[in-house]
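Enquirer: Here you go, one structure.
Values in this text are rule-based calculations from the coordinates and carry no lab data. Predicted model, so just to flag it, every value in this text is computed and none were measured. So basically every Cβ, Gly included, is an ideal-geometry build from the backbone, and we count neighbours across all protein chains shown.
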Amino acid sequence: MSDTVTLESLQAALQTQQATFEMHQAMNVEVFYWWCTAIMMMIHAGFLAYEMGASRSKNALAAGIKNILALAVIIPTFYLFGWWIYNAFPNGFVPVDAAAALPWSQSMGPDVQDMGTGIFWAAFALFGATTGSILSGAVIERIRVSAFLILTVFLGSAIWILAGAWGWHPDGWLLTDLGYHDVGASGVVHAVAGFFTLGVLINLGARKGKFINGVAQTISPHSLPMTLIGLMMIIFGFFGFLGGCIIFNGGDTGWTTIYNTPTNLSAFAFNTLMGFAGGIIGCYIATRDPFWTMSGGLVGIISVAAGLDLYSPSLAFIIAVVMGLAAVKFAKFLEKMGIDDAVGAVAVHGFTGMVAVALVGVFAGGTPNVNGAPEITFAGQATAAVIMALLGFIPGYGISFLLKKLNMLRVSEACEDIGIDEVEILAKPYPEANVPATAESEVPNKLAGPHDNSDDQLTPQGA
Amino acid sequence: MGSSITTWENVAAYFTFADNPAALVLFALGVTGIVAGLIGYIVKHENEAFKQHK
């Protein structure tokens, strides 16, 4: 015998279904950003490989430890004040009430009724770590680890997220006043980080031997293959990064950009891949150099990231090719000016990111915004691009200038000669590199019988 | 001792000391101290290492 179906029972069943659906939708949002965050970790694996490879072997571990510690300091400092800066400063330099984003707020911890804050905080913390790591490669082989950590905390947990509050927040003044459009963070992450890096490089100076009688010398990476693999890992991680830039909405809205305009992952997929391919071609034509060819993939993605939702894929490809050529020109210009950027970060991220923001105004000007924000214009994008560059450059220059005056910025000359690994890290990346094949091993052979190696004692090399 | 809940009924923020802002401020200061201390520790180590390799 079945229960009688009434209007009330149908309504109750519908409400139960609705609640279940909404719960699962909220969980899907969490799942999406969880995996974006995880994939972004690959960016850091990539930075680790590529910067260690780009260093000479005497500095390889110093480059690596710098990257690992960058994550370790940016994550807690982004918890302490980064998330609050994003929520408090959409209007400029005067904070609005954002008490819920402070680290002693009930919102900043496990809460069964809040399925958004933690996962968005995590994604933004990893954006911050990526931003802080952009500085890392440019300054290898002569910056003190401590100075780098101070600088990367400012960049990764304060400066870029202030740019994010201005240009990414729904109430950010760059959006509400200028119609700013930068969906893939060409400006708020890459331009800011690149020009912050330029400010630091001016004070840090070149690696010893980089310029001889004013002529720039090539300081070869100790492992070019590792740098190439590292760069490809960064590209992989970019899919998490760019996925984290899109908004997974509840209800029937679907995907939107961070500016609440409609888009979808298909749009991002078209232009991310076309930009990647175009950038490689541009940098290959400009240099025929493996390092720059692979860096071209980054240039290509960054060059179209600001308008990832708007460009036709063929246009994205052409922009990326041209920006690949232009980024190399800019890198050469910087070198002529006496700037030693060991990995081309200022050109790849700063220059490309800044131009990418302006290009949205060129190619997508007139695109409407929503919620009363003005349409996209070239003037608005160009103004914002300059603001992003200055927002990075001024603190980068200022803080590194202060560290230089305190003699805290650069390693000692002897340390630079010997290698930071031996002096500061106290480890060797390739300890067996100079051991002749015929030398007795320091390590006991566990498979040898007692007659072969009876005492199993460590034997000094060459003894 | 740190639990902020006594039941799972109608729970929202349930993490340890969620109901004790003073404790959360103290923990935040602790995090600040550890990060600053780490950097200070590295500065000290670098100064000593550079002295040994003049």
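Enquirer: Mind computing the radius of gyration and Dmax over the alpha-carbon atoms of chain A? Å is fine for both.
Expert: 25.1, 98
Enquirer: While we're on this one: What's the extension gain from A:S314 to A:N371 if we count 0.36 nm per residue and subtract their Cα-Cα distance?
Expert: Once the chain is fully extended between A:S314 and A:N371, it gains 17.5 nm.
Enquirer: What order do you get for A:E22, A:E51 when you list them from fewest to most C-beta neighbours inside 10 Å? Could you put the intermediate results ahead of the total?
Expert: Numbers: A:E22 12, A:E51 29.
Ranked by crowding around the Cβ, least crowded first: A:E22, A:E51.
Enquirer: Starting from a Cα-only point model with no solvent, please compute log10 I(q)/I(0) by Debye for segment A:359-451 at q = 0.11, 0.16, 0.19, 0.22 1/Å.
Expert: Here log10 of I(q) over I(0) equals -0.70, -0.88, -1.01, -1.13.
Enquirer: How long is the gain from B:K51 to B:N10 if the chain were fully straight, where each residue apart is worth 0.36 nm and the alpha carbon distance is subtracted?
Expert: Going from the current span to full extension adds 8.7 nm.
Enquirer: Could you pull the Rg and Dmax for chain B, using just the Cα atoms, both in Å?
Expert: 19.8, 65
Enquirer: Charges only on Cβ, +1 for Lys and Arg, -1 for Asp and Glu: so what's the dipole of chain A about the Cα centre, in debye to the nearest 20?
Expert: 1640 debye
Enquirer: Hey, got the average number of other protein chain Cβ atoms within 10 angstrom for residues in B:46-53?
Expert: The mean count of partner-chain Cβ atoms within 10 Å per residue comes to 6.
Enquirer: Further, regarding this structure: What is the sum of charges around A:F333, taking Lys and Arg as +1, Asp and Glu as -1, for the other residues whose C-beta is under 14 Å from the C-beta of A:F333?
Expert: 0
Enquirer: Order the peptides B:2-8, A:74-80, B:33-39 from the highest to the lowest mean number of other Cβ atoms within 10 Å of their residues.
Expert: A:74-80, B:33-39, B:2-8
Enquirer: Beyond 25 Å between alpha-carbons counts as too far, so tell me which of A:K66/B:K51; A:K332/B:K54; A:K404/B:K54; A:K404/A:K428 fall in that bin.
Expert: Numbers: A:K66/B:K51 21 Å; A:K332/B:K54 35 Å; A:K404/B:K54 19 Å; A:K404/A:K428 28 Å.
From the list (A:K66/B:K51; A:K332/B:K54; A:K404/B:K54; A:K404/A:K428), the Cα-Cα distance tops 25 Å for A:K332/B:K54; A:K404/A:K428.
Enquirer: Need one value for A:99-109: mean number of C-beta atoms belonging to other chains within 10 Å of its residues' C-beta atoms.
Expert: Whole-number average of other-chain Cβ neighbours for A:99-109 is 5.
Enquirer: Based on alpha-carbon positions alone, could you give the equivalent ellipsoid semi-axes of segment A:57-194 from the gyration tensor, as √(5λ), descending, whole Å?
Expert: 28, 19, 12
Enquirer: Using helices alone, what [θ] at 222 nm do you get for chain A, with -39,500 (n - 2.57) per DSSP H run of 4 or more residues, divided over all residues and rounded to the nearest 500?
Expert: -19000 deg cm²/dmol
Enquirer: Could you tell me the extents of segment A:140-221's C-alpha atoms along the three principal axes, largest first, rounded to whole Å?
Expert: On the principal axes, segment A:140-221 reaches 50, 27, 21 Å in Cα extent.
Enquirer: Net charge near B:A13, counting Lys/Arg +1 and Asp/Glu -1 over other residues with Cβ under 10 Å of its Cβ?
Expert: Result for the local shell: -3.
Enquirer: Still on this structure: Given H placed on each backbone N at 1.01 Å, which residues far from B:A18 in sequence or on other chains put an amide H within less than 5 Å of it?
Expert: B:S4
Enquirer: Count the net charge of all other residues whose Cβ sits under 14 Å from the Cβ of A:Q381, scoring Lys and Arg as +1 and Asp and Glu as -1.
Expert: Once positives and negatives cancel, what remains is -3.
Enquirer: How would A:H190, A:H169, A:H181 line up from fewest to most surrounding beta-carbon atoms within 10 angstrom?
Expert: A:H169, A:H181, A:H190
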